[in-house]
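The structure under discussion appears below in the form of structure tokens.
The values are calculated or read from the model by the stated rules, or taken from the named source; none is laboratory data. Since we're looking at a predicted model, the values are computed, not measured. Reconstructed Cβ throughout: ideal geometry from the backbone, glycine too, with neighbour counts over all protein chains shown. The protein model used for the area step is the full one, side chains on, heavy atoms only, and it has no ligands, DNA or RNA in it. Shrake-Rupley method; radii C 1.70, N 1.55, O 1.52, S 1.80 Å.
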Amino acid sequence: MRRIELYDTTLRDGSQAEGVAFSLPDKLHVAERLDTLGFDFIEGGYPGSNEKDMGFFTEIAKRPLQTTRVTAFGMTRRRGVCVEEDAGLASLVASNAQTITLVGKSSRFQAEEVILVSGEENLTMIDESIRYLRQAGRSVIFDAEHFFDGYKGDVAYSMSVLDTAVAAGVSHLVLCDTNGGSMPEEIRAIVRAVVEHFAVQAPNIVVGVHCHNDCGLAVANSLVAVEAGASHIQGTINGFGERCGNADLTTVAACLAIKLKGADGNPLYQVLGDGAVRRLTEVSRFLYELLNKRVARYQPFVGTSAFAHKGGMHVSGLARATASYEHIDPSLVGNERRVLISELSGRSNLVALAKKFQIASNRELMDQILRELATQERHGYQYEAAEGSFALLVKKCDGSFQPHFDLRRYQVQTLSLGGNVNTVANLWTMIDGNELFTAAEGDGPIHAMDEAMRKILDLRFPELRSMRLVDYKVRVVNSEAATAARVVVVIESRDDDEVWSTIGVHENIIEASRIALQDSVEYKLHKSLPKI
């Protein structure tokens, strides 16, 4: 197997994505997590741009990493400034990072029209900057910015940029599809030409690629680059990055480790550390949670819908052979199969769920559940997005549901006075034959109700302390009814080991929220029981 280096730039290039920002503790936490998976390089940031990135390099040096090399990112010297006086290069040395990723223009057009230097001066800037860093004892990775566009416009000049970088002492040449506009066949041909050139000129040079996703091809372009001889791939977890993002390293790693095989059926490539591919789903969702972002449901390999099945014919086929509708075993990437339930689903979906919910797969029970599904969905319920509520519905149909509490009455009041908005929820709840009253304030009606409910229940059920609300969504069912329309509320909750969703439907948004919230709490309390 050929080893393919994976270079993660989530902390630098990924942070340029809209809505993505890392604190210094976040950056340190991410770096340590990626190190445990065996990433070859982690780009920590651009120390010349801000104090936080410089602080990262100071702090990460105190935390011994297992396998990864932390790199600092910077640019070649500015035009008209000698390397000894360039603040950016000085910050790279001051970061104490032993590996520096230096970006330079590899397109004559970019050099002349963007940074306003001649092609010859650009080559001098690249040469002097690399030699300065090498003399400081640093290993240098050269990111050839706009390489593919430059190569297509002026082959000789773009290749002279690479030759200059190699002569100055770099260890890696990374060809960047900076605008994300190149097609796979272009990437394949150009990477092959570069690899063949340096196989003769400098056989120890590692050739890699850095692909952006503006045409939706960053992963495909990275994979064809490997097939053409590249052995270093740059990208980010979940594809975070500027504009349309970078190559998603969770997808790249899964494809290289699992999908690309030789004629003998064995994998062609080795990536990350032992067992790391099975943790790709874990690290993907860790990043989403850290950034307070919703998981990308349809993300290949690691998305929540990547192995979700709704159609009855599909589920029936899976029961006979999982390969009929799944290209890999979900556990290979740490994901799991999900069978979805709706009025469009057939008996096969319920049979497939029988193991998970430990329900007797008899015809009478199946028919009862399907009838209840059809009835509920006519009122706006959609259980495919509310597996927690569906689990409770199954228990109700088979007669095993026992409520832990009974919310008898509630009153929610919101007072706006002088620009201040205050909300109070009053709850009367029956637990173990005793009616208890509690009240709590909140930022809004649902928050106040949740706080009041927890006041009563946490004393009796301490396991609720690990449960928290992750997301809250509202959708109108019958919009023609205007403000009297029925609404659907979906609440997503999580604890230390699971994420689940519950649903409530009503004309009153607070009552719909109460139904979803109460289901979420009941699901958490029932989790330890045998049938959920």
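Looking only at the range 235-270, filter to residues that are in a loop (DSSP other than H, G, I, E, B) and under 19 Å from Asp13 (Cβ atoms); which one of those is most open to solvent (accessible area, probe 1.4 Å)? Within the range 235-270, the match that is most open to solvent (accessible area, probe 1.4 Å) is Arg243.
Selection of helices (runs of 4 or more DSSP H) fully inside the range 107-224 by the criterion of at least 3 residues being open to solvent by 10 Å² or more (accessible area, probe 1.4 Å) and of a type in the set (Asp, Glu) returns 119-135, 184-201. May I ask you to list the residues in the range 363-396 that are at pLDDT 80 or above, open to solvent by less than 20 Å² (accessible area, probe 1.4 Å) and not aliphatic (A, V, I, L, M)? Answer for the range 363-396, where residues must be at pLDDT 80 or above, open to solvent by less than 20 Å² (accessible area, probe 1.4 Å) and not aliphatic (A, V, I, L, M): Gly388, Ser389, Phe390, Lys395. Within the option set Gly399, Gly380, being assigned to a loop (DSSP other than H, G, I, E, B) and more than 24 Å from Val490 (Cβ to Cβ) holds for one residue only, Gly399. Being in contact (Cβ under 8 Å) with a residue 60 or more places away in the chain and either open to solvent by less than 70 Å² (accessible area, probe 1.4 Å) or aromatic (Phe, Trp, Tyr) (or both) is a description that does not apply to Phe437.
So, Ser95, is that one open to solvent by less than 10 Å² (accessible area, probe 1.4 Å), closer than 18 Å to Ile141 by Cα, of a type in the set (Ser, Thr, Tyr) and touching a Cys at 6+ places or on another chain (Cβ under 9 Å) or not? No, not satisfied.
When the criteria are applied in full, Ala440 fails the requirement of being more than 28 Å from Arg285 (Cα to Cα) and in a helix (DSSP H, G or I).
Pairs meeting the criteria (first residue in the range 96-110 and over 14 Å from Asp86 (Cβ atoms), second residue basic (Lys, Arg) and assigned to a strand (DSSP E or B), beta carbons under 6 Å, at least 6 apart or on different chains) are Thr99/Arg69.
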